[in-house]
């Protein structure tokens, strides 16, 4: 456990008061730090959409299959159970776990053997769940679970105690805005992937790096790129120029 | 500043913060007869979970599919009563009893200011729509800008007054006590805005908010392609958004047209939208101009 990184992460996760606070950037930090600190293969964050679905908002990996695995849990999986009960839900060996057959199978295809879902909860309010995956079979170290929960707790408290978020209305506004921003980011990933002939995961990395370089929020750059008001080049990453795939012309 | 060593013992943090929040573990009854129940959690969790004590708010499993089916039913009833094909205007009429508001209005267009008023349910709604255009401020303009809803459950409170110093008192004069604005968007695609008002202050319940969002989603799809029955978007799939982005390049069109073309291709060829999107993202399928026509 990297104590310095842990301290720095807690400071990061309480920093919701900045003027250009962006919920997606904030939750993205939570997932990437979870991977760095907890020695897990992937982390993802799902938030409760009032429509009645859990929706992926941030992940440590944007690989399509991984993203799909997180999103699948709107139907079944540890995140859904965790969200509904408000309690941590885990599995030390998904292959031998009968609870979520489709989820376990897809997790296995991506190379994940164990899972832990941790609630983003403050008292009676559950706003989502943090999801950790590991490639090896075995129970999660209790310390990992505890620190993972502490990260989720601090993020939740920071969000719900933020002065501007104390109104339920404001929290709902922010969550919906974040969900729509997530859609904009997906649209931008597709456009950039097609333009540069890279996969969507590489496109996301490019988008994120360029947002950082330009000191811009990820969702703002994504929107400007989709609207055509900002250009993104292949200056970082290693795009291919070929465009594989057949033409779907009748 | 929350020091890391304190944060690690998050139970301390929870105690420290507990007094600032209202306890809300009472069972709640949402509008429409659905029960959103609280339930005592008895499982022996870790120290953190025990410290929390209060029952988790367990959301009764109102799934997206159920909610959407019910909302579509209400919209279809409106169209049937009117004797016409389902249109965005029916959403406006159906949402009023659907989420128990006093009135609604819907404007179509790229943004609230450039958009045109398609439908209003009453005179107050018309005045609210006009006010925002005249004053250049208001919840619908903000919703259109942010891409997220703007929920002003009490126009007389300080927050609303600070946000819209001219609109808030003018809207109160017109007879509105609460205004809820929903942008009709799919990511960067903007189709219009849906406004709701109440003549008494008070927030939408979680249940009503969920319904209102689905009414808005349906209006968005109806405005974009006007199919009688909106094509089933199903459970949210990132591939649909990614494929839409890819099509802007393949077809050299804007994001709105790319989305319409994607849906048209699925509809005309009778393939699930998610399957078409998956093939496009996996580069098994490329669309070229006019490729939404059926084979042969």
Next on the checklist: For B:64, B:197, which order do you get if you count the other beta carbons within 10 Å of each Cβ and list the fewest first?
Outcome noted: B:64, B:197
Checklist outcome for this item: Taking R0 as 56 Å and r as the Cβ-Cβ distance between residue A:11 and residue B:70, the FRET efficiency 1/(1 + (r/R0)^6), rounded to the nearest 0.05, comes to 0.80
Checklist entry - With labels modelled as points extended 7 Å from the Cα through the Cβ direction, what inter-label distance (nm, one decimal) is found for residue B:271 paired with residue B:162? => result 5.2
Next on the checklist: What is the ratio of the Cα radius of gyration of the range A:167-241 to 2.2 N^0.38 Å, with N the residue count, to two decimals?
Outcome noted: 1.18
Item to check | Cα shape, the range B:64-225, gyration tensor, a/c 1.5 rule | outcome: prolate
Checklist entry - Give me the Kirkwood hydrodynamic radius of the range A:3-165 in Å, from all C-alpha pairs, to one decimal place? => result 15.6
Next on the checklist: Let me check against my output: what whole-number percent is the relative contact order of chain A, with C-alpha pairs under 8 Å and at least 6 apart?
Outcome noted: 18
Checklist entry - Hey, what did the range B:86-183 get for relative contact order, percent, Cα under 8 Å, at least 6 apart? => result 23
Checklist entry - At a Förster radius of 45 Å, what calculated FRET efficiency corresponds to the Cβ-Cβ distance of residue A:217 and residue B:81, to the nearest 0.05? => result 0.50
Item to check | Efficiency of FRET between residue B:63 and residue A:92 - r from beta-carbon atoms, R0 51 angstrom, step 0.05 | outcome: 0.95
Item to check | Estimated [θ] at 222 nm from DSSP helical runs (n ≥ 4, -39500 (n - 2.57)) normalised by residues in chain A, nearest 500 | outcome: -16500 deg cm²/dmol
Checklist entry - So for the pair residue B:282, residue A:65, with labels modelled 7 Å out along Cα→Cβ, what separation do we get in nm? => result 1.2
Item to check | Share of pairwise Cα separations in the range A:103-178, more than 22 Å, in percent | outcome: 38
Next on the checklist: Along its three principal axes, how long is the range A:1-92 when you only count alpha carbons? Whole Å, largest extent first please.
Outcome noted: 37, 34, 28
Next on the checklist: With the crude spin-label approximation of a point 7 Å out along Cα→Cβ, what separation in nm comes out for residue A:205 versus residue B:133?
Outcome noted: 5.0
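Taken together, the values in this text are just the output of simple stated rules run on the coordinates, not laboratory data. The shown structure was predicted, so the numbers you read here are calculated from the model rather than taken from an experiment. Because the Cβ atoms are built from the backbone with ideal geometry, glycine has one as well, and the counts that use them run over all protein chains shown.
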